[in-house]
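Bear in mind that the values in this text are calculations on the coordinates, not laboratory data. Computed from a predicted model, the values in this text were never measured in an experiment. Positions of Cβ are backbone-derived with ideal geometry, glycine not excepted, and every protein chain shown enters the neighbour counts.
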Amino acid sequence: MDPSAQEPVAFIGLGMMGLPMASRLVAAGFSVHGSDLSEQALAVFAAAGGIGCTSARKAAEEASIVITMLPNGAIVRDALLGSGGAALALSPGSLVIDMSSSAPMETRRLAENLSVRNISLVDAPVSGGVKRAISGTLAIMAGGDPVQIERARPLLAAMGSTIIHTGEPGSGHAVKALNNYVSAAGLVAACEAVLIAEKFGVDPNVLVDVLNVSTGKNNSTELKLKPFILSGSFASGFSMALMAKDLRTAADLSEQLGVDAKGAQNAAALWAEAAATLGKAADHTEIHRFVAARGGKPEKGG
Ligand code: NAD
């Protein structure tokens, strides 16, 4: 049952994250059959030693483990159970590992739908961004049956350096959305602080240096402000649309569970507006430009 170098693993979604993650599996000796809507992604994957397939179903034909790394849970469901979906090619006893940042309640339903076919689901979303996907040092939060997580472990270990079992199916996705809420809140606070400091006449680089040796330090002050925002590159590789989706997931989860989380609701509204204003191609670090255009006004709970 363990994934071996002989039996191919199917990998659906070869984008900013999926491509380096699937390439890590290839480098670790797994035979990886990848699929993506983009022909260019398939070509780059083939150049990295993978096998490009024209549909999710084709990629899964000889596999008993399918990994998905797609924009959202609705697309994951379609890539598995829609026409041409990977699950249609899988035998009973197979395993799906959804590493996308999907919505946890949808994941619970998907796990039930797959279990009718005797297919297991582990949700194993990641944190760390493109840089850590390339180095194989992602943080992985895995929800599901511990036996299935052990089965997935050799694959996960090739892509990440930390694997934390979060609980039942869907719990990995819940924790991931909450992580991104906390991360986005820290990023907006950091951007607002930069704008206010600048207005006061403080060099933003000096502010960042102070934050990073003080209690205001967070992932954004350390890894995003100087490289992507103050430099003006806005090239983190994580889109504004995907971050807005994650914040909507966190806000919806609070509602579904009856938790009054105004900060999460305000953050979801702010990021949705930013994504609509700046467009599909925007990087999530361009939230700085959005906040600046609004005059750097502090955003409640953002
Ligand atoms: P991306 O948009 O770069 O890649 C998504 C890929 O999926 C694209 O190549 C697209 O062509 C492909 N795709 C879409 N529908 C498909 C289908 N039906 N069949 C096959 N391929 C299909 O997105 P990404 O940045 O790689 O993010 C993927 C997931 O990982 C998202 O859920 C995101 O929230 C999450 N995530 C991203 C980052 C990051 O830094 N980019 C970090 C952590 C988690």
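Values for this structure:
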item: Nitroxide proxy distance, nm - points 7 Å out along Cα→Cβ at Leu223 and Glu7; result: 3.3
item: Violating pairs (Cα-Cα greater than 28 angstrom) within the set Lys199/Lys245; Lys176/Lys199; Lys131/Lys199; Lys224/Lys262; Lys131/Lys280; result: Lys199/Lys245; Lys176/Lys199; Lys131/Lys199
item: Stokes-Einstein diffusion coefficient of the chain, Kirkwood radius over Cα pairs, 37 °C, 0.692 mPa s, in µm²/s; result: 165
item: Alpha carbon centroid spacing (whole Å) that separates the stretch 9-47 from the stretch 80-106; result: 17
item: Dipole magnitude (debye, nearest 20) for the stretch 3-169, charges at Cβ of Lys, Arg, Asp, Glu; result: 220
item: Those GluC sites (Glu not before Pro) in the stretch 36-136 that DSSP places in a loop and that have at most 11 other beta carbons within 10 Å; result: none
item: Rounded to whole Å, sorted largest first: equivalent-ellipsoid semi-axes of the stretch 174-294, Cα gyration tensor; result: 25, 16, 13
item: Shape call, the stretch 3-169: gyration tensor on alpha carbons, a/c limit 1.5; result: rounded
item: Long-range amide H partners of Asp283 with built H, under 5 Å; result: Met240
item: Mean Kyte hydropathy of -1.0 or more with a Cα span along the axis of at least 27 Å, helices from DSSP in the chain; result: 171-200
